[in-house]
Structure formats: C-alpha cells, structure tokens
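Trainee: What follows is a single structure, and I will ask about it in a moment.
The values are calculated or read from the model by the stated rules, or taken from the named source; none is laboratory data. These numbers were taken from a predicted model, which means no experiment stands behind them. Note that each Cβ is placed from the backbone with ideal geometry, even for glycine, and that neighbours are counted across all protein chains shown.
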Amino acid sequence: MNESKLRFRPADRMTALPKQFFASLVQKANAAVAAGRDVINLGQGNPDRPTPDNVVRALREAADNPQFHRYPPFSGFSFLKEAVAKRYKEDYGVTVDPQTQVAVLFGGKTGLVEISQIMLNPGDVCLVPDPGYPDYWSGVALAGGRMSFMPLTEANGYLPDYGAVPAQDLAKAKLMFFNYPNNPTSAVAPASFYKDTVEFAAKHGILAVSDFAYGAIGFDGNRPISFLETPGAMDVGIEIYTLSKTYNMAGWRVAFAIGNEEIIRLINLMQDHYYVSLFGAVQYAAAEALTGPQDSVRQLVATYESRRDALFDALADIGWRAPKPAGSFFCWLPVPGGYTSATFADKLLAEADVVVAPGIGFGDHGDGYVRVGLLSSEERLREAAARIGRLGLF
Ligand code: PLP
C-alpha cells in the first residue's frame, strides 16, 4: 500500500525497522514453485528433521495436565530453569544458578531483540558482526540505537578485530553481539577469542551477548565452546541458547538467556510487561528435551556432517572450492567472478532452480559469498550441485 494513503500514523520506529532483505528472494522462489518448477531451496535456516519423539510425547502428556492450563509463573517454571542448569553443567562444566541466572525466552530471536531495548538509549552504540544475523539490527533499530559493524573476513578467521573498532563508537558502545558457530560464515570460535572478548567487554563496560544458536553443532569431533566457560564471562555477559536447532524445535519457540544476574533480572522485568511466559506444557516438553536422552543430538550432528561431506564432494566435482564448515548447518561459498552475491543467487534460481541466500543480506562484508543450508537430503544437495555445475561457471 502507498504509505501516503495510510489512515494511521504509526510510530517512527516502524519506518526505522530494517528491510527484510530475503523477502523478495522468498517471493521469487515461491513463484517458481507455484509455476511447477522443482526448486531446491537451500536458502533458509529452518531445520528439516522432526523434534525427537520423547519431547513430542512429553508435550502430549503435559497438554492433558490441568496444572498447565492455568497461567504459568511469570518468569517460567523452576523445573525448566533447573533443566537448563543441568545441561550447562553436563555439556560445558558451567555452574548456573537456575533461579537468578536463567531467563526463559520465546525463542532466541525474542531475546536478541529484547536485549537491545533493555540496554540501549537512542544514540547508544551496539557492536555487531558483518556479516551477521539480521535480528541484531532489528532490536537496535527498535531501541533507536546505532550499529558499529565489525567486519568478519576470511583473513581474520571470521572473528571480529576489537582493535579496529573506531574510538568514537567504542566510547558510546554499551552492547555487542557475537555468534559461534557462526551464521552465516559457519566459523567456530577458539577459547582465545572468548578470553579476549571478556577482557574487551570488561575494559569498555560493554554487555557481551553470545548468540549460541548453533552451540550443539560442531563437526569432526569438535564440540563448540560456550562463552560462559570463559573465566569472567558471567560478569560481562549472557549467552542466548535456543532449542530450535539442537532439538529441531524451531516451531516451539523456546530459548534461554543464561548468565549475568543483573541482566537476567532486567530481561525478566521487561518480559513481565510483555508476556506471562510460555505455555506450561511446552515448558514441560522443553525440560524433557534438556534432561532426557541426548542421542538425538548426536545423530543430528552426524546427519549434518554427512550432508556436508556429500555436498563438498559434489562441489569439488564441479570445481566450486571453499573450506568445509566447522560447525552450524551452513556453508559459506564464494561467488564466481563477475557476479555479486545477489546477481549470482538470482542466476541460480533462474537457471538451476536452486535457492541460496546472497551474502549481502547479512551485511556488506557478506557480498562475496552465498550461504547454503544443509537442511535437505544428501541426494537433493548433490542434485543442487550438479545443476549448478551444468551452468559452467567454475
Ligand atoms: N541466532 C541465529 C544466529 C540464528 O540463525 C537463529 C535462527 O535462525 C536464531 C538466533 C534464533 O532462533 P530462534 O528464534 O528459533 O531461537
């Protein structure tokens, strides 16, 4: 609709919201599917496998329990926060007080957007990775904050260079995001990066937010490190952990903020004004995911790893070379000469019926790359590579 014809005058923050870059690509892909084309969509990040049976059974059982038909406690059930603490202890050796150091979130996205509103006044600066997950931008825009981009490049191992943050941005910075295993670049962070981050955040009084959405997905026998394993991390930051990827629960909307008590208190305070926590039966099933058998997680990682290997064998056959991802379920692949990430993605859709996410959608430094998800069967991934190979671009 033409905005000048709008009958209502929405708040300025609605126009400040970043454009949804991928919306037009999704439209084009949908149009191709509607036209009957056999499209292989590798552009999205929506896990394709079902939630483990034990979790679904727990939801069914809990849905029958009248206890969960009532309002849940405002900041979530204690049993769920205790389940989070147990998982962090077992997986990372990190001791967390479930009552004061865990907040229940409606998915990681919600927490990532809330935290900017909690921390930033108009004009305050947030340090964000470029390329990075676009939801960071949304929260900063809603808060009227300003972003200072930290380039992630192949040369720096896709880790931010804190020494390169402009002094005037540093002076106003109150918040920063980082995300390993990384979307979109698939890089994982070494312990030394987290140690540097604690020092940097403490020195400049910046809240450090580790977005650990792909925390469970590390390949070749390497388990990604949690930021909270780093001495001092709880003093300077929080980690956002979602069940969406670890347990294929993207549709359930369950995640947690874990870490600094003062920030957890502020998140709960903010949420007291927005929500009355998640449906109790979903909390019950989420606790089952965290405390029940974890074999499904190991199987999931093995599935992504063998898809990765199948895809990279097929990419080698067509001459498309890139380092294999160390974690996450994404591959970060360079675009051939003569194309931008957007023109290349358009060409793949138009001529190979393959959808990939153009790197520019994640920030200016993403423009030499496209992101490919490992969320289709090995057969479909091979087929996608073969179709791209037939274009003769490599
Ligand atoms: N952070 C990153 C880097 C992601 O890729 C995603 C989902 O795609 C999320 C956070 C949020 O996931 P959710 O809102 O499902 O917890």
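Trainee: Being away from the ligand (no atom under 16 Å from the Cβ), at pLDDT below 95, within 30 Å of Met270 (Cβ to Cβ) and not assigned by TED's automatic domain parsing to the domain that holds Val354 narrows it down to one of Leu6, Leu59, so name that one.
Mentor: Leu6
Trainee: Within region 86-99, identify whether any single residue is within 15 Å of the ligand (Cβ to nearest atom) and buried (at least 16 other Cβ atoms within 10 Å of the Cβ), and answer yes or no.
Mentor: no
Trainee: Hey, could you check region 249-274 for residues that are within 16 Å of the ligand (Cβ to nearest atom) and surrounded by fewer than 16 Cβ atoms within 10 Å (Cβ to Cβ) and say which is farthest from Ala143 (Cα to Cα)?
Mentor: Gly251
Trainee: Please go through region 123-165 and pick out each residue that is under 19 Å from the mean Cα position of the chain (by Cα), part of a loop (DSSP other than H, G, I, E, B) and polar (S, T, N, Q).
Mentor: Thr153
Trainee: Here is a check on your reading of the model: is Gly139 in the same structural domain as Leu266 (by TED's automatic domain parsing), surrounded by fewer than 21 Cβ atoms within 10 Å (Cβ to Cβ) and among the small types (Gly, Ala, Ser)?
Mentor: No.
Trainee: Being within 14 Å of the ligand (Cβ to nearest atom) and either over 17 Å from Thr246 (Cβ atoms) or not assigned by TED's automatic domain parsing to the domain that holds Ala171 (or both) is the filter here, so list the residues in region 202-231 that pass it.
Mentor: Val209
Trainee: If you check Val104, Val96, which single one turns out to be in a strand (DSSP E or B) and touching a residue at least 60 places away in the same chain (Cβ under 8 Å)?
Mentor: Val104
Trainee: Sort out which residues of region 323-370 are among the aromatic types (Phe, Trp, Tyr), closer than 20 Å to Leu381 by Cβ and outside any loop (DSSP other than H, G, I, E, B), and write them in order of number.
Mentor: Phe330, Trp332, Phe344, Tyr369
Trainee: Now for a separate question. Look through Gln101, Gln117 and report the one residue that is of a type outside the set (Asp, Glu), closer than 25 Å to Glu229 by Cα and at pLDDT 95 or above.
Mentor: Only one candidate qualifies: Gln101.
Trainee: Oh, and also: Considering region 23-46 alone, what residues qualify as being within 16 Å of the ligand (Cβ to nearest atom) and not in a helix (DSSP H, G or I)?
Mentor: Asn41, Leu42, Gly43, Gln44, Gly45, Asn46
Trainee: While we're on this one: Restricting attention to region 276-303, which residues are in contact (Cβ under 8 Å) with a residue 24 or more places away in the chain and surrounded by fewer than 16 Cβ atoms within 10 Å (Cβ to Cβ)?
Mentor: If the condition is that a residue be in contact (Cβ under 8 Å) with a residue 24 or more places away in the chain and surrounded by fewer than 16 Cβ atoms within 10 Å (Cβ to Cβ), then Val276, Pro293 are the ones that fit.
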